[in-house]
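Worksheet for the structure shown next.
The values are calculated or read from the model by the stated rules, or taken from the named source; none is laboratory data. Given the structure is predicted, the values throughout are model-derived calculations rather than measurements. Cβ placement follows ideal geometry from the backbone for every residue including glycine, while neighbour counts extend to all protein chains displayed. All accessible areas refer to the heavy atoms of the entire protein, side chains included, with ligands and DNA or RNA removed. Shrake-Rupley method; radii C 1.70, N 1.55, O 1.52, S 1.80 Å.
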Amino acid sequence: MAEYDFEATGAIFERREALLEDWTPSELVGRDDELQRYHAALQPVIESEPPSNVFLYGKSGVGKTAATRFLLDRLEASADEVDELTLTTVELNCDRLNTSYQAAVALVNELRDSGDQISNTGYPEASVYEFLFDELDEIGGTILIVLDEVDHLKDDSLLYQLPRARSNGDITNARLGIIGISNDLSYRQELSSKVRSSLCEKEVSFSAYEAPELVDVLEQRESVAFKDGVVSESVLRLCAAYGAKDSGDARQALDLLLESGDLARERGDDSITDEHVREARKRLQTEQVVEGIRNYSYHG
């Protein structure tokens with residue numbers, strides 16, 4: 001009978017978490033043009049001016065969320081050095097939220113203590129917005145609200161209310177900036193003209209990664225994630241080539257490198273080879289097919 005006790009091997013990985021989605025690198029590579037435009041859109045904050053509303057769009061895995069976390073980390077650090085500038089950032093992922101009502105409730109609960117949460121039903125929409133504006137006004141200063149995957153919201157009430165909250169007199173102590181992030185390239189065209197004019201005040205389009213850019217991304221993460229000598233240039237280029245071929249998605253390329261590392265460790269190998277990458281890709285493709293089938297109805 002096989003033994004299934006766990007024992008740390010210390011093999012392959014140095015910091016495996018560097019390949020995961022929520023890891024923010026010290027520098028962001030392969031997105032210089034986008035970062036420059038994004039940086040310019042955020043500049044009014046550090047000037048103690050009213051913040052611009054920024055809309056980011058591009059396919060999944062092209063660096064929108066990573067760029068946001070990267071720049072906001074630096075903006076917050078810089079804001080600490082500016083007298084009389086108080087900056088607060090609030091991030092909400094709208095995945096699994098279908099309506100502005102649900103998103104507003106989630107924002108209220110994000111801003112409140114755990115013992116003072118509100119339920120997702122039972123309140124008039126106007127009351128939920130009042131709760132939200134009260135919380136924002138109590139914080140005061142400059143507040144940037146990041147709405148990731150904002151295209152999941154089926155109505156644009158929240159996107160209308162937030163940018164106009166100060167001019168409508170709903171808040172007086174805070175100045176709001178909205179950062180909307182969408183994977184749906186056509187989403188901004190589906191917004192009403194009154195919402196589009198405010199939410200898309202500044203727009204930054206993120207193009208798909210080319211293979212050389214993906215190599216840069218993988219090299220940066222590999223240098224942190226793996227022990228020396230584990231990953232060859234050939235392996236990085238193969239992962240990048242597959243990522244560029246599949247859609248220019250950095251997340252897919254990183255997942256492939258991560259799975260390749262897991263496979264090498266599983267087999268007790270000291271380094272990752274091209275064969276590990278090819279086998280890992282088959283595994284990931286199988287998982288994607290299974291997940292796709294799982295999302296269908298029985299008859300589907």
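What would the Debye formula give as log10 I(q)/I(0) at q = 0.10, 0.13, 0.14 Å⁻¹ for the alpha-carbon point model of the stretch 109-261, no solvent?
Each listed q corresponds, in turn, to -0.58, -0.79, -0.84.
Within the set of other residues whose C-beta is less than 13 Å from the C-beta of Thr172, count the net charge using Lys and Arg as +1 and Asp and Glu as -1.
Surrounding charge for Thr172 is -2.
Go ahead and run the numbers for FRET between Ser193 and Glu21, Cβ-Cβ distance against an R0 of 35 Å, rounding to 0.05.
E between Ser193 and Glu21, to the nearest 0.05, is 0.55.
Does the stretch 103-157 come out rounded, prolate or oblate, given a ≥ b ≥ c as the square roots of the eigenvalues of its C-alpha gyration tensor, rounded meaning a/c under 1.5 and, failing that, prolate meaning a/b above b/c?
oblate
Can you send over the solvent-accessible area of Glu213, 1.4 Å probe, protein chains only, in Å² to the nearest 10?
Roughly 60 Å² of Glu213 is accessible to a 1.4 Å probe.
Using the beta-carbon distance between Ser232 and Ser60 and R0 = 35 Å, what value does 1/(1 + (r/R0)^6) give for FRET efficiency, to the nearest 0.05?
0.80
The chain: longest stretch without exposed chymotrypsin sites (Phe, Trp or Tyr not before Pro) (DSSP loop, at most 15 other Cβ within 10 Å), sites themselves excluded?
7-295
Let me check against my output: what whole-number percent is the relative contact order of the chain, with C-alpha pairs under 8 Å and at least 6 apart?
Value for the chain: 26 percent.
Please list Arg112, Arg221, Arg69 from largest to smallest accessible area, probe radius 1.4 Å, with all protein chains kept in place.
Arg69, Arg112, Arg221
Points 7 angstrom from Cα along the Cβ direction at Ala241 and Ala40: gap in nanometres?
Taking the two extended label points, one gets 3.7 nm.
Check which residues have an amide H placed less than 5 Å from Phe226's amide H, if you skip close sequence neighbours.
Those lying under 5 Å, H to H, from Phe226 are Glu14, Arg15.
When the helices in the chain are scored as -39500 (n - 2.57) per DSSP H run of 4 or longer and the sum is shared across all residues, what 222 nm value do you end up with, to the nearest 500 deg cm²/dmol?
-15000 deg cm²/dmol
Of His152, His276, which has the most accessible area and how do the rest follow, probe 1.4 Å?
The residues order as His152, His276, largest area first.
Once label points are set 7 Å from the Cα along Cα→Cβ at both Ala11 and Ser114, what is their separation, rounded to one decimal in nm?
Inter-label distance under the simple model: 3.9 nm.
Classify the stretch 104-197 as rounded, prolate or oblate, taking a ≥ b ≥ c as the square roots of the eigenvalues of its Cα gyration tensor: rounded when a/c is under 1.5, otherwise prolate if a/b is larger than b/c and oblate if not.
Note, shape of the stretch 104-197 comes out prolate.
Here are several values of P(r) over Cα pairs in 10 Å bins from 0, in percent: [x] 5, 23, 31, 22, 12, 5, 1, 0, 0; [y] 6, 27, 36, 23, 8, 1; [z] 6, 23, 28, 23, 15, 5, 0, 0. Which one was derived from the coordinates shown?
The listed entry that was calculated here is [z].
Would you list which aspartates and glutamates come within 19 Å of Lys245, measuring only between C-alpha atoms, while excluding same-chain residues fewer than 8 positions from it?
Correct list for Lys245: Glu210, Glu213, Asp216, Glu219, Glu233, Asp255, Glu259, Asp274, Glu275, Glu279, Glu287.
Heavy atoms only, 1.4 Å probe, whole protein assembly: order Lys282, Lys64, Lys59, Lys154 by accessible area, highest first.
In descending accessible area the options line up as Lys154, Lys282, Lys59, Lys64.
Accessible area of the chain with a 1.4 Å probe: how many percent of it is carbon plus sulfur?
It is 44 percent, rounded to a whole number.
Quickly work out the Arg278-to-Glu201 label distance, labels modelled 7 Å from Cα along the C-beta direction, and quote it in nm with one decimal.
5.4 nm
If r is the Cβ-Cβ distance from Glu130 to Lys154 and R0 is 22 Å, what FRET efficiency results, to the nearest 0.05?
Given R0 = 22 Å and the Cβ-Cβ separation, E is 0.45.
At 1.4 Å probe radius, can you tell me the per residue accessible area of the chain in Å²?
Per residue, the chain has 53 Å² of solvent-accessible surface.
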